[in-house]
Each structure stands twice: as C-alpha cells, then as structure tokens.
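> Quick one: this structure, given as structure tokens, is what I'll be asking you about.
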Amino acid sequence: MRTKTETDHIQMQPEITRRIFTFTASAEDEGRSARDIILYRWKMVHHDVARAKYDTPNGITVNGEVSYINRRLHEGDVLQVILTDFPPENIVPEKHPIEVVYEDEDIICLNKPAGVVVHPSHGHYSDSLANYLAYYFKMKHEPHEIRTVGRLDKDTSGLILFAKSRTMAAHMTEQAGKGIHTKTYYALAAGRFEHSSGKIEVPIEREFEGAKKRVAREGGDYALTMYEVIRQYEDYALLDVRIATGRTHQIRVHMNHIGHPLLGDPIYNPDYVYQNSAEGGRRLERAALHAARVSFYQPFLEKKIVLSAEMPEDFRFFVPEHTPVLF
C-alpha cells in the first residue's frame, strides 16, 4: 500500500484551491471499498466528501474514471479524491506581515504578536490575524476559509494553527481530545511558589451571565491546568503551563484562583504595579502569556510535528540570565 498527497492550484481560477489525495491499493487492500479509505483511513468529513462527489468535476475517481465511494478496490487501483476550498466570504484580505512558523498542504502555523485579535470583531474589521492570513493565501493564489485550531486571546502572543480544510480541522479537534495535539505556554505569575509543579482542576464559568470575566468555582465547565516552575524570582516566577481543556481565559483564571495571577493581567490582576527596578523599571502592558510550543500528528504526512516560538521581548526583559534564581 502506498499513499501520496500533493497540492494542485488551478492557475486559471485562482479563487479555487484543490487538495488532491491519492491512494494506491496493495494486495492487502483487495476488496476494500473506496468509502473505507475516504471515511476511515483519511477520516474525511462528510461536508468535504459531498463537495468532492457533487460539486467537483472528477472529484472522486478510481483509475481516472469517476467512481462511487462504495466501489471495491483491487491491487493496483488508484483512488483519487479532490477537496476544493474557496476564499472566506466575510473576511477582507489585508496586507500585513505575518510570521509563518510552519506550513504544508493541510495546515499553517503563525506566531501571533500580542495585541492582535485572531478573528474580525467589533473595532477590528480588517486588522485581525485572519485578515492578514487571507491576504497571504490570496497572494499565493491558494484561497482558504479561515479555520482556527484552538484560540488565543488578543494579548496572548505565540503559536496558533489554522487548518486548510474541514477534514484537517476535524483531525486536530480529535487529537486535542486525545492529548495528541498539545500546546505549552510560558507565563509570568506573581508571588512565590511553594512547589515546583502543580495541577489545578477546578471548573470555570462566567462571573455572572453576560460577564467577560470568568471565575473558578463549582458548577462551571470542567477545566484542567498543569504548570511547572522554570525560574522563581523574588516576587514572581516563570512557568511552563499546559492545559488539558480549552476554556476561555483558562490559564489566567486558574493562576488567579491559586493566588498567582499573571503579571500585567488587567482583568485578573488589576492591582499589578510590578516594575523590574533592577533593570531600570518596566511594566508588562498585557497578561504575561505566550504560546511557546505546539505538537501534533500530521496524518497525511504520517509524522509528528513539533513547533516552537521564542520568548517575546517583553518576557525576556523579566527573565534576564543574570537575575538571581531563588527556586
């Protein structure tokens, strides 16, 4: 059995992107249906399969001939499925530099600066990361819907993934639920920690109906956060943080719940006044949270992908090498 994947762009119709999946049946695949490969090996979502079947010329073929997905395969048969994608309808492409950390035919990873929202919203119609990514795809003649994998708050910097098809987005959601797709954060938290690591397993919910602020208390949605102290300074610490769930403000809420709110957090640490006087004095102007590492399994390349983003400048100011480490 051999599986091959490639990307083919329609040069005469730059508003459409085609992603081609090819499967060559071996002797072991004798009698398997095309449906088995499409739905269970590739795990394509029904929306993508329907688009290939009904809306794409030659969207599903066996040996170059249009085929039903129930067709039985024989050794040497070549199954091909074409997934198409189109420009986003409600996102205006906006020219702006973006930092591409990784990209292949199915997924792209960007390093988001702090202060940039991920999706257009009130007051951010054309200056979101989605706008910039739509422009990037447009310039490549490779339009895609903008499908975010996970989330990052406006003031959180670091790695964020975007899937290039519904099928890849579904794979990433499944991996997150199984702990295969993980994300690790750097955080700067106030105070002195008694232990070098810990686990926070407390539900999270809105403070009250319609509120932006969240609180950790019984009755909310299940949430689990794990942290490790990398460096303990006099009155704050650099942490390595992982979350097993993806609740809004989860790390910020949980760290505040245990008495160690993030430096610079305007919602959960409003009394923050810390200045690194040893370095001439400086404040963090945002919640000190950075998505530093991401790992996942690329099912169509059949390999694990591990990505990282360097600590941003405002973080580095607070973790200088010569500052005494107390823990």
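The values are calculated or read from the model by the stated rules, or taken from the named source; none is laboratory data. Just so it is clear, the structure is predicted and the values come from calculations on it, not from any experiment. Virtual Cβ from ideal backbone geometry, glycine too; neighbours counted across all protein chains shown.
> Given (1) modelled with pLDDT of 95 or more; (2) touching a Lys or Arg at 6+ places or on another chain (Cβ under 9 Å), where does Ile69 come up short, assuming only one miss?
Answer for Ile69: the failing condition is (1).
> Now a separate question. Would you confirm whether any residue within region 200-212 is in a strand (DSSP E or B) and farther than 25 Å from Asp271 by Cα? I'd like the intermediate steps shown before the answer.
Restricting attention to region 200-212, the residues satisfying the condition of being in a strand (DSSP E or B) are 200-201, 204-206.
Add one more test, that the residue is farther than 25 Å from Asp271 by Cα, and what stays is 201.
Yes, some residue in region 200-212 is in a strand (DSSP E or B) and farther than 25 Å from Asp271 by Cα.
> Could you list, in sequence order, all residues of region 155-172 that are over 30 Å from Asp314 (Cβ atoms) and hydrophobic (A, V, I, L, M, F, W, C)? Please lay out each step first, then the result.
First, the residues of region 155-172 that are over 30 Å from Asp314 (Cβ atoms): 164-171.
Met168, Ala169, Ala170, listed by residue number.
Yes or no, residue by residue, for (1) in the same structural domain as Ile305 (by TED's automatic domain parsing); (2) over 30 Å from Ala291 (Cα atoms); (3) part of a helix (DSSP H, G or I):
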{"position": "Val49", "(1), (2), (3)": "no, yes, yes"}
{"position": "Pro57", "(1), (2), (3)": "no, yes, no"}
{"position": "Asn70", "(1), (2), (3)": "no, yes, no"}
{"position": "Val81", "(1), (2), (3)": "no, yes, no"}
{"position": "Lys95", "(1), (2), (3)": "no, no, no"}
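> Within the set of pairs 6 or more residues apart or between chains, which connect a residue that is in a helix (DSSP H, G or I) inside region 176-191 to a residue that is not small (Gly, Ala, Ser) with Cβ atoms less than 9 Å apart?
Listed pairs, sorted by first residue: Ala176/Val149; Ala176/Thr182; Ala176/Lys183; Ala176/Phe296.
> Considering only residues that are small (Gly, Ala, Ser) and in contact with a helix residue (DSSP H, G or I) (Cβ under 9 Å, 6 or more places away or on another chain), look in region 213-243 and name the one that is nearest to Ile267 (Cα to Cα).
Initially, region 213-243 is screened for residues small (Gly, Ala, Ser), giving 216, 219-220, 223, 237.
Of the ones still in play, those that are also in contact with a helix residue (DSSP H, G or I) (Cβ under 9 Å, 6 or more places away or on another chain) are 216, 223.
Details: Ala216: 14, Ala223: 19 Å.
It comes out as Ala216.
> Taking the condition assigned to a strand (DSSP E or B), in the same structural domain as Gln175 (by TED's automatic domain parsing) and more than 24 Å from Val294 (Cα to Cα), does Glu234 pass? Before you say what the answer is, go through the steps one by one.
Details: assigned to a strand (DSSP E or B): no; in the same structural domain as Gln175 (by TED's automatic domain parsing): yes; more than 24 Å from Val294 (Cα to Cα): yes.
When the stated conditions are applied, Glu234 does not pass them.
> Name the residue, out of Pro93, Pro120, Pro88, that is touching a Phe, Trp or Tyr at 6+ places or on another chain (Cβ under 6 Å) and crowded, with 19+ Cβ neighbours inside 10 Å. Before you say what the answer is, go through the steps one by one.
On the way: Pro120 fails: touching a Phe, Trp or Tyr at 6+ places or on another chain (Cβ under 6 Å); Pro88 fails: touching a Phe, Trp or Tyr at 6+ places or on another chain (Cβ under 6 Å).
Sole residue among the options that is touching a Phe, Trp or Tyr at 6+ places or on another chain (Cβ under 6 Å) and crowded, with 19+ Cβ neighbours inside 10 Å: Pro93.
> Name the residues in region 170-195 that are loosely packed, with under 12 Cβ neighbours inside 10 Å and either touching a strand residue (DSSP E or B) at 6+ places or on another chain (Cβ under 8 Å) or over 30 Å from Gln298 (Cβ atoms) (or both), would you?
Let us first name the residues in region 170-195 that are loosely packed, with under 12 Cβ neighbours inside 10 Å, namely 177-179, 194-195.
Correct list: Glu194, His195.
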